[in-house]
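The values are calculated or read from the model by the stated rules, or taken from the named source; none is laboratory data. Please read all numbers here as calculations on a predicted model, not as lab measurements. Here Cβ is always computed from backbone atoms with ideal geometry, including for glycine, and neighbour counts include all displayed protein chains. Side chains are part of the model used for accessible areas, which takes the heavy atoms of the whole protein and leaves out ligands, DNA and RNA. Shrake-Rupley method; radii C 1.70, N 1.55, O 1.52, S 1.80 Å.
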Amino acid sequence: MQPPFDGKIWFWPAPVPGICFNEIMKRHFALGVFLYFCCVLPSQGGGFDMLRQNMVEEVLAEVAASSPYSGRDTLSPAVITAMKKVERHHFVPTWLAMFAYLNRPLPIGYGQTISQPLIVALMTDLLQLKEGDKVLEIGTGSGYQAAVLAEIVKSVYSIEIIEPLGKEAAERLKSLGYSNVEVRLGDGYYGWPETAPFDAIIVTAAASHVPPPLLKQLKPGGRMLIPLGAHFMTQYLMVVEKQTDGSVTSRQIVPVSFVPLTGGH
Ligand code: SAH
């Protein structure tokens, strides 16, 4: 039975008959819930672990839905394990950490974005990586894609053109223990000739064409994933394969939206 109205605001449904929440108690309760979700849960990692597992489930469902275009109805076990392991909340600004496990791109400063988890997973999967591979990434950004790659292959080389982003990503990757990632500042259009050739190359900014230096630095039998197209126009994710005889084939996968590959080239 509801108690008679006494001017106080009752918590509904009342957890214990006769206990009410007045305005001050309500504010304390709301503050407690807020602090729990924003501070306690994330600091324990428990909340984020659960959100990350849910994110991977969502990514898998979307991969299956886009299989008519991508030709992949699921992700390889190595990619699933990496996506479940890499803690995306470390790669976004602190104030966006609560949104880190939405299947969305997020701003990382300097007009750049961390890619959508679905795209990170799909690109990594399409590279068909092997444990001993050496991979080149163009566009380090936050370092998230590099970390996902580093969970799967032996070594990752990543180039970033915006100095503060590159420096922050290098420090972040180091502090998270990714000792098999090397970050360099510069124009990725020209690749990393000193460490070439690479088993796989991933370009995470949209280019107007496949940069010839990158094609040259790809091993015969290797694969490159690159979004092609102009900024604000339809871009397509492409798989470029260098055959063992040196000939090159390419295949269009899905329409995508990436920030542009900049630089003086
Ligand atoms: N892979 C990143 C997201 C990439 S956003 C992540 O996981 O967070 C694209 C990045 O490419 C941006 O950081 C941008 O500064 C960088 N970029 C653009 N043009 C580049 C170029 N010519 N060489 C190297 N990096 C470039």
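Before moving on, here are some points about what is shown:
- Residue count for region 98-134, restricted to those that are surrounded by 18 or more Cβ atoms within 10 Å (Cβ to Cβ), under 23 Å from Pro213 (Cα atoms) and away from the ligand (no atom under 12 Å from the Cβ): 5
- Counted residues, region 141-159 - those being within 6 Å of the ligand (Cβ to nearest atom), buried (at least 24 other Cβ atoms within 10 Å of the Cβ) and farther than 10 Å from Val86 by Cβ: 2
- Residues of region 79-97 that turn out to be open to solvent by less than 50 Å² (accessible area, probe 1.4 Å), assigned to a helix (DSSP H, G or I) and farther than 21 Å from Met238 by Cβ, as a count: 7
- Hits in region 160-190 (condition: farther than 21 Å from Thr113 by Cα and near the ligand (Cβ under 10 Å from one of its atoms)): Tyr190
- For the criterion of being free of Cβ contacts under 8 Å to residues at least 24 places away in the same chain and surrounded by 12 or more Cβ atoms within 10 Å (Cβ to Cβ), Lys219 passes.
- Whichever residue in region 230-248 is polar (S, T, N, Q) and touching a residue at least 12 places away in the same chain (Cβ under 8 Å) and, among such residues, is most open to solvent (accessible area, probe 1.4 Å): Thr244
- Positions within region 111-139 being touching a helix residue (DSSP H, G or I) at 6+ places or on another chain (Cβ under 6 Å) and more than 23 Å from Tyr101 (Cα to Cα), in sequence order: Val135, Ile138
- Of the residues making up region 66-92, those that are more than 12 Å from the ligand (Cβ to nearest atom) and either under 24 Å from Ile138 (Cβ atoms) or among the small types (Gly, Ala, Ser) (or both) number 14.
- So His231, is it at pLDDT below 95 and out of contact with any Lys or Arg (no Cβ under 9 Å at 6 or more places or on another chain): yes
- Among the numbered conditions (1) open to solvent by 10 Å² or more (accessible area, probe 1.4 Å); (2) assigned to a strand (DSSP E or B); (3) within 11 Å of the ligand (Cβ to nearest atom), the only one that Pro227 does not meet is (1).
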